[in-house]
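Here is the structure we will look at, set down as structure tokens.
The values are calculated or read from the model by the stated rules, or taken from the named source; none is laboratory data. In this text the structure is predicted, and so the values were computed from the model without any measurement. Quick reminder, even Gly has a Cβ in these numbers, built from the backbone with ideal geometry, and neighbours come from all protein chains shown. SASA here: full protein model, heavy atoms, side chains in, ligands and nucleic acids out. Shrake-Rupley method; radii C 1.70, N 1.55, O 1.52, S 1.80 Å.
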Amino acid sequence: LGVLLREVHLDGAVSRTELADRMGVNRSTILTLIAKLAETGLVREETSATTGRAGRPSLVVRPETGQVYVLAFDVAVDRVVAARVGLGGAVLERREATRRRGGDDLDEIVDVLAGFGNALVDVAPAGAKCVGVGASYCGLIGAADGKVRLEPTTGWTELDFGPALARRLGLGLPVTVGNEAHLGALAEFERGAGVGSRNLVYLHGDVGVGGGIIVGGRLLDGDEGYAAEVGHMIVNPYDGRPCMCGSRGCLEAEVGEPALLEAAGRTGGPIGREGVRAVVRAAENGDAAARRALDTVGDWLGIGVANLINLFNPGVVVFGGMLSEIYRGAASRVNTRVNESVLHVHRERVALRTAALGYDSTLAGAAELGFAALLSDPLAALAP
């Protein structure tokens, strides 16, 4: 049941025949499984827009998006987002607020998110059920307990964010927490720019740079859950910019938002997404300083990407968050570095893409955390 539901959850509409083929079961078994899920209100069958064999209508299985949902939260450096996400991955409603950089505390963040979450539950249709809660956080997350071990931009350590948010929500559900770049990688792999690839590198740009790496269809997490901190890969060891981690010349120090704005001479202007977009627009309109800044940052980004391609031989490299804006403005410089520095056998098929889910990659990943229990054992997750 869980395997079938996951197929429908990810693809949205799948025929009986396709489901049977994917799962390796016969027609009788697939009909029984579909009927069981339909009885619980998780899926429905309907006629496809296309016809089946001999002109007969083809039935497809779709998720019941409005009946079962999760709450998904995303805590970024400069904003917090909450959403009610239906089975199938559709964002049904959302709330968003600006986060002051370094000016808030854990209780303040939890208060805002709990308020958003309760409001989203209150406006859900009568009879709809929340089956899970997932959260993306801009920090290092312990695999064993989901604790935020470190938030680099604030220096906060050992935050019991998940339990605190679960208590404030009062839904009787745990809050599963994951690193934002890891979740962005999973979301792009399952629903976005990486669909169809077995190996993927995801680079997430915020103030710094995070990473998520999919190897053979599975997330590379490391012993403690801290793998793929690619932002702290040294690319400029001799005269590199100082990094928040205490080192110099880290990838995030050379390509992050502060590096770009400083190189473009725009440290007193807008920051965050608007600041980065302003530099890209200015370069497109002929601003020489903005063009030089993007070329410099793009060169360092290309070096980092080349190293990752040589190490992991991915089918696709995805730029998410603010790095999607930077890559659009510096693609030629990044691609030049990749062509110069990557082994030819590695670059034959690798594709460089911006995130298909846009800035919602991390939110979509958080939603998948919320759906994990349902997709593992649908009947148990729906039990009273």
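Filtered by the rule that a residue be open to solvent by 60 Å² or more (accessible area, probe 1.4 Å), at pLDDT below 95 and either touching a strand residue (DSSP E or B) at 6+ places or on another chain (Cβ under 7 Å) or closer than 20 Å to residue 321 by Cα (or both), the stretch 216-231 gives a lone residue, 226.
Would you confirm whether or not the stretch 149-164 contains a residue that is basic (Lys, Arg) and surrounded by 16 or more Cβ atoms within 10 Å (Cβ to Cβ)?
Quick first cut of the stretch 149-164, residues basic (Lys, Arg) only: 149.
If we keep only those that are surrounded by 16 or more Cβ atoms within 10 Å (Cβ to Cβ) as well, we get 149.
Yes, there is a match, as at least one residue in the stretch 149-164 is basic (Lys, Arg) and surrounded by 16 or more Cβ atoms within 10 Å (Cβ to Cβ).
Output the residues belonging to the stretch 337-361 that are closer than 24 Å to residue 307 by Cα and touching an Asp or Glu at 6+ places or on another chain (Cβ under 8 Å).
First, the residues of the stretch 337-361 that are closer than 24 Å to residue 307 by Cα: 337-356, 361.
Matches in the stretch 337-361: 337, 355, 356, 361.
Would you please list the contacts, defined by Cβ atoms under 7 Å and residues six or more apart or on different chains, that run from a residue in the stretch 8-31 that is assigned to a strand (DSSP E or B) to a residue that is β-branched (Val, Ile, Thr) and open to solvent by less than 80 Å² (accessible area, probe 1.4 Å)? Listed pairs, sorted by first residue: 14/8; 14/60; 14/61; 15/60.
The residue that is most open to solvent (accessible area, probe 1.4 Å), among those in the stretch 165-195 that are over 17 Å from residue 364 (Cβ atoms) and assigned to a loop (DSSP other than H, G, I, E, B), is 174.
Residues that are at pLDDT 95 or above, of a type in the set (Ser, Thr, Tyr) and within 20 Å of the chain's Cα centre (by Cα) occur at least once in the stretch 314-333. Out of all the residues in the stretch 295-314, is one or more of a type in the set (Gly, Ala, Ser) and touching a His at 6+ places or on another chain (Cβ under 8 Å)? No, every residue in the stretch 295-314 fails to be of a type in the set (Gly, Ala, Ser) and touching a His at 6+ places or on another chain (Cβ under 8 Å).
Anything in the stretch 152-177 that is of a type in the set (Val, Ile, Thr) and either closer than 19 Å to residue 244 by Cα or out of contact with any strand residue (DSSP E or B) (no Cβ under 6 Å at 6 or more places or on another chain) (or both)? List them, or say none.
Correct list: 153, 154, 157.
A search for C-beta distances below 7 Å between a residue of the stretch 353-368 that is at pLDDT 95 or above and any residue that is in a helix (DSSP H, G or I) and hydroxyl-bearing (Ser, Thr, Tyr), counting only pairs 6+ apart in sequence or on different chains, returns 354/324; 354/327; 355/324; 355/361.
For the stretch 257-270, which positions are part of a helix (DSSP H, G or I) and open to solvent by less than 70 Å² (accessible area, probe 1.4 Å)?
So the first thing to find is which residues in the stretch 257-270 are part of a helix (DSSP H, G or I), and the list is 257-263.
Within the stretch 257-270, 257, 258, 259, 260, 261, 263 meet the criteria.
Can you pull out every residue in the stretch 196-210 that is open to solvent by less than 10 Å² (accessible area, probe 1.4 Å) and not in a strand (DSSP E or B)? Correct list: empty.
The set of residues in the stretch 244-256 that are open to solvent by less than 10 Å² (accessible area, probe 1.4 Å) and either out of contact with any Pro (no Cβ under 9 Å at 6 or more places or on another chain) or part of a strand (DSSP E or B) (or both) comprises 250, 251, 255, 256.
For residues in the stretch 26-43 being of a type in the set (Val, Ile, Thr) and open to solvent by less than 60 Å² (accessible area, probe 1.4 Å), which is nearest to the chain's Cα centre (by Cα)?
Keep residues of the stretch 26-43 that are of a type in the set (Val, Ile, Thr), which gives 29-30, 32, 34, 40, 43.
From the residues that got through so far, the ones that are open to solvent by less than 60 Å² (accessible area, probe 1.4 Å) too are 29-30, 34, 40, 43.
Numbers: 29: 34, 30: 32, 34: 30, 40: 29, 43: 25 Å.
Among residues in the stretch 26-43 that are of a type in the set (Val, Ile, Thr) and open to solvent by less than 60 Å² (accessible area, probe 1.4 Å), the one nearest to the chain's Cα centre (by Cα) is 43.
Evaluation of residue 213 against the conditions (1) under 27 Å from residue 130 (Cβ atoms); (2) outside any loop (DSSP other than H, G, I, E, B); (3) open to solvent by less than 20 Å² (accessible area, probe 1.4 Å) shows that the sole unmet condition is (1).
Could you check the stretch 146-164 and list, in sequence order, the residues that are assigned to a strand (DSSP E or B) and either modelled with pLDDT of 95 or more or of a type in the set (Asp, Glu) (or both)? Break it down into steps so the answer makes sense when it comes.
Just the residues of the stretch 146-164 that are assigned to a strand (DSSP E or B), to begin with: 148-151, 156-159.
151, 158 - these are the residues of the stretch 146-164 that are assigned to a strand (DSSP E or B) and either modelled with pLDDT of 95 or more or of a type in the set (Asp, Glu) (or both).
Scanning the stretch 120-128 for any residue that is assigned to a helix (DSSP H, G or I), open to solvent by less than 10 Å² (accessible area, probe 1.4 Å) and more than 16 Å from residue 161 (Cα to Cα) turns up at least one such residue. Of all the numbered requirements in (1) of a type in the set (Gly, Ala, Ser); (2) at pLDDT 95 or above; (3) within 22 Å of residue 273 (Cα to Cα); (4) more than 12 Å from the chain's Cα centre (by Cα), residue 208 misses one, and that requirement is (2). When 355, 283, 278 are checked against the criterion of being under 21 Å from the mean Cα position of the chain (by Cα) and more than 25 Å from residue 239 (Cα to Cα), 355 stands alone in meeting it. When the stretch 80-119 is filtered for residues that are part of a helix (DSSP H, G or I) and among the small types (Gly, Ala, Ser), the ones remaining, listed by number, are 114, 115, 117, 119.
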